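My structure is below; once you've seen it, I'll send some questions.
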Amino acid sequence: MFSFTKLGFLVLLVPFVFAAPSATLEKRQVDTSQHCGDWDTVTAGPYSLLLNQWGKSGASSGSDCAQVTSLSGTTVAWKTSWNWVGGNGVKSYTNLNLNSGLNKKLSAISSIPSTWKWSQSTSGNIVASVAYDLFTSNTAGGANVNEIMIWLANYNAGPISAVYNSDGTPKPKASNVSLAGHTWNVYFGSNGANNVWSFLPSNGAAITSFSGDLNAFLKYLTSSQGVSSSQYIKTAQGGTEATTGTATLTTSAYSLVIN
Ligand SMILES: *[C@@H]1O[C@H](CO)[C@@H](O)[C@H](O)[C@H]1NC(C)=O
């Protein structure tokens, strides 16, 4: 049935839409309010802010909130504040998820330029990472096969690894690999369902201003680590894996495009 209520709403809205300059319109269309619920989602341009709190049941208490603070073209600013107590596993991976350019064959990707400028304030010790998370599949939109994590910072956490040194530290499959202007150690293991490739800064220092081509990491995996270039890129995200502690991650500029 046709709704007169809906029609009335549309008629009211139209003059405002035409009167708004485009910059104002763009700002107005982004929800900059804070969200704290598991799987809350905020659409911002080509991205979604995703409050993925998949491990929160492992915490004895805590919360995770996030908001988009601005959007200009494909550059978004956002922040997340979290506090998790108890449990050894990751509680949340609050992230900016890319919604466009996906499901391309790796061999058909020409570049994945990304910029990520961030700072973090913490209270006491934390266990967390700041990292990109990419997934590939055998077919466009198929099940995850490879998870590729590019860590920009490691706070007392560690990558999944199939091999450990005698002192209990994860043993890299390759060391001092130069990609995208930084030097990385490459770890390999399984999360039970997928192969997990993790790139961590070799010197252990946080990279708080990253600007580079993420396709360099995929090309390294296909040329040097036996990953098939017939895989499809399924997911591309950047965010923070939070395990325990209290932190606020503030991203002043984030962009990610698949070409
Ligand atoms: C990696 O580079 C560092 C700094 O140059 C060096 O000390 C270390 O031995 C290298 N590691 C390997 C496994 O080559």
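The values are calculated or read from the model by the stated rules, or taken from the named source; none is laboratory data. Everything numeric here is computed off the predicted structure, so don't read it as measured data. Don't worry about glycine lacking a Cβ; one is built from the backbone with ideal geometry, like all the others, and counts go over all protein chains shown.
Scan segment 164-220 for residues that are more than 14 Å from the ligand (Cβ to nearest atom) and in a loop (DSSP other than H, G, I, E, B) and report the count.
Residues flagged as more than 14 Å from the ligand (Cβ to nearest atom) and in a loop (DSSP other than H, G, I, E, B) within segment 164-220 amount to 13.
Out of curiosity, is A236 outside any strand (DSSP E or B) and either among the aliphatic types (A, V, I, L, M) or modelled with pLDDT under 95 (or both)?
Spelling it out, it is not the case that A236 is outside any strand (DSSP E or B) and either among the aliphatic types (A, V, I, L, M) or modelled with pLDDT under 95 (or both).
Name the single residue, out of those in segment 214-224 being farther than 12 Å from I150 by Cα and touching a strand residue (DSSP E or B) at 6+ places or on another chain (Cβ under 7 Å), that is surrounded by the fewest Cβ atoms within 10 Å (Cβ to Cβ).
Filtering first and then ranking leaves Y220.
Please verify whether segment 226-242 includes one or more residues that are of a type in the set (S, T, Y), crowded, with 20+ Cβ neighbours inside 10 Å and more than 16 Å from the ligand (Cβ to nearest atom).
So far as segment 226-242 goes, yes, one or more of its residues are of a type in the set (S, T, Y), crowded, with 20+ Cβ neighbours inside 10 Å and more than 16 Å from the ligand (Cβ to nearest atom).
Which condition from (1) modelled with pLDDT under 95; (2) crowded, with 20+ Cβ neighbours inside 10 Å is the one that N185 breaks?
All conditions pass for N185, except number (1).
Separate question: Suppose we keep only residues that are touching a residue at least 24 places away in the same chain (Cβ under 8 Å) and not in a strand (DSSP E or B) within segment 118-145. Which one would you say is surrounded by the fewest Cβ atoms within 10 Å (Cβ to Cβ)?
Selected residue: G141.
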